[in-house]
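The values are calculated or read from the model by the stated rules, or taken from the named source; none is laboratory data. Keep in mind it's a predicted model, so treat the numbers as computed, not measured. All Cβ positions, even for glycine, are placed from backbone atoms using ideal geometry, and neighbour counts span all protein chains on display. Ligands, DNA and RNA are excluded from the accessible area calculation, which covers all protein heavy atoms including side chains. Shrake-Rupley method; radii C 1.70, N 1.55, O 1.52, S 1.80 Å.
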Amino acid sequence: MSALLTLRDVWVEYGDKVVLEKVNLGVEAGAFVSIIGPSGAGKSTLLRVILGQEAPTQGSILLDGQPLAPECGPDRGVVFQRYSVFPHLTALENTVFGLECAKAPFLTRLYGSARRAAMGEATAMLQAVGLGDSLHVYPAQLSGGMQQRLAIAQALVKRPRILLLDEPFGALDPGIRADMHALIVKLWRDYALTIIMVTHDLREAFTLGTRVLAIDKRRHDPHAPHRYGATAVYDLPLRDRVAPVAQAEAEIASETTCSS
Ligand SMILES: Nc1ncnc2c1ncn2[C@@H]1O[C@H](COP(=O)(O)OP(=O)(O)O)[C@@H](O)[C@H]1O
Ligand SMILES: [Mg+2]
């Protein structure tokens, strides 16, 4: 099976500063990849190039074997640690906006029946993330966890195949974080997503991921710290986890066995 997402010999440089060097990576559909690494290693930069927000200096990124479109397409959605929602729009308007960007990229506005359909989809997505009672609330009135639920709804309403998460739960209290973990695993399974999540929290990386990728510098020049970039130094498949579709099928199979 060929990978859904492939990075081939990707380099990112800013002037003479090498941030990423020679990153090679294949991500299978249905994987939940946790990315860990020291602060400043280039984790967010890696997500930006996968998102298509930034072109690598060298190398290529393939989605389904095709070069990535230069702009951020609806096949990829992203959630940052904070500030990814618009403060002047309600939860519903923020989520509809996510759809408008995907469906009417030049007008960024939908009208008539298309808008009504978008409102319906956005409402359903807000219900799926647990914000069904907060449709008309502004982000400032939502708790940190609820704002992240909204950011997830805004990203998922476009039905991306790949969801990119950049330390999405880092600013949340531990109890809230546990609720968010349950939510993200449910969404990963329900929507058959491929997830790439950057996290500082090793436990989070290992509990949620089907694979943990560590990025760091392999070599270091103390006289010229910018000279070398980071790359994938560890890539650990966690064998006791399987892709959500396969897992759901296994559960259905075992239920069938039990009831017969
Ligand atoms: N647009 C940019 N111009 C110059 N340097 C940048 C730019 N974006 C990121 N960097 C640098 O690249 C390095 C990696 O940053 P980042 O990807 O944000 O790291 P991480 O997310 O792992 O903490 C940092 O040293 C940062 O200062
Ligand atoms: Mg970062």
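Here is a list: 31, 3. Which entry is in contact with a Ser or Thr (Cβ under 6 Å, 6 or more places away or on another chain) and open to solvent by 10 Å² or more (accessible area, probe 1.4 Å)?
31
Condition check: open to solvent by 20 Å² or more (accessible area, probe 1.4 Å), among the charged types (D, E, K, R), at pLDDT below 95 and in a helix (DSSP H, G or I). Does residue 203 satisfy that?
Spelling it out, residue 203 is indeed open to solvent by 20 Å² or more (accessible area, probe 1.4 Å), among the charged types (D, E, K, R), at pLDDT below 95 and in a helix (DSSP H, G or I).
Which one of 113, 84 is assigned to a loop (DSSP other than H, G, I, E, B) and either within 26 Å of residue 46 (Cα to Cα) or at pLDDT below 95 (or both)?
84
For region 150-195, enumerate the residues that are more than 24 Å from residue 121 (Cα to Cα) and within 16 Å of ligand 1 (Cβ to nearest atom).
Once the filter is applied, which keeps residues that are more than 24 Å from residue 121 (Cα to Cα) and within 16 Å of ligand 1 (Cβ to nearest atom), region 150-195 yields 166, 167, 169, 170, 171.
List pairs: first in region 150-178 and closer than 17 Å to residue 50 by Cα, second of a type in the set (Asp, Glu) and open to solvent by less than 50 Å² (accessible area, probe 1.4 Å), Cβ under 7 Å, 6+ apart or cross-chain?
160/75; 161/75; 162/75
Residue under question is residue 62, and the condition is that it be more than 18 Å from residue 209 (Cβ to Cβ) and touching a residue at least 24 places away in the same chain (Cβ under 8 Å); does it hold?
Here the answer is yes, as residue 62 does meet what is asked.
Would you check which residues across region 39-67 are open to solvent by 30 Å² or more (accessible area, probe 1.4 Å), within 15 Å of ligand 1 (Cβ to nearest atom) and not in a helix (DSSP H, G or I) and list them?
Passing the criteria: 39, 40, 53, 54, 55, 56, 57.
Among the candidates 39, 2, which residue alone is within 19 Å of residue 165 (Cβ to Cβ) and over 18 Å from the mean Cα position of the chain (by Cα)?
None of the others qualify; the one that does is 39.
Might you let me know whether region 143-165 holds any residue that is over 16 Å from the mean Cα position of the chain (by Cα) and among the basic types (Lys, Arg)?
No, every residue in region 143-165 fails to be over 16 Å from the mean Cα position of the chain (by Cα) and among the basic types (Lys, Arg).
Output the residues belonging to region 47-67 that are within 16 Å of ligand 2 (Cβ to nearest atom) and not basic (Lys, Arg).
Selection gives 47, 49, 50, 51, 53, 54.
For region 113-136, give me the residue count where each residue is more than 15 Å from residue 101 (Cβ to Cβ) and either basic (Lys, Arg) or in contact with a Pro (Cβ under 7 Å, 6 or more places away or on another chain) (or both).
So the count comes out to 1.
Every residue in region 9-21 that is touching a residue at least 60 places away in the same chain (Cβ under 8 Å) and either surrounded by 15 or more Cβ atoms within 10 Å (Cβ to Cβ) or β-branched (Val, Ile, Thr) (or both), please.
11, 12, 13, 18, 19, 20, 21 - these are the residues of region 9-21 that are touching a residue at least 60 places away in the same chain (Cβ under 8 Å) and either surrounded by 15 or more Cβ atoms within 10 Å (Cβ to Cβ) or β-branched (Val, Ile, Thr) (or both).
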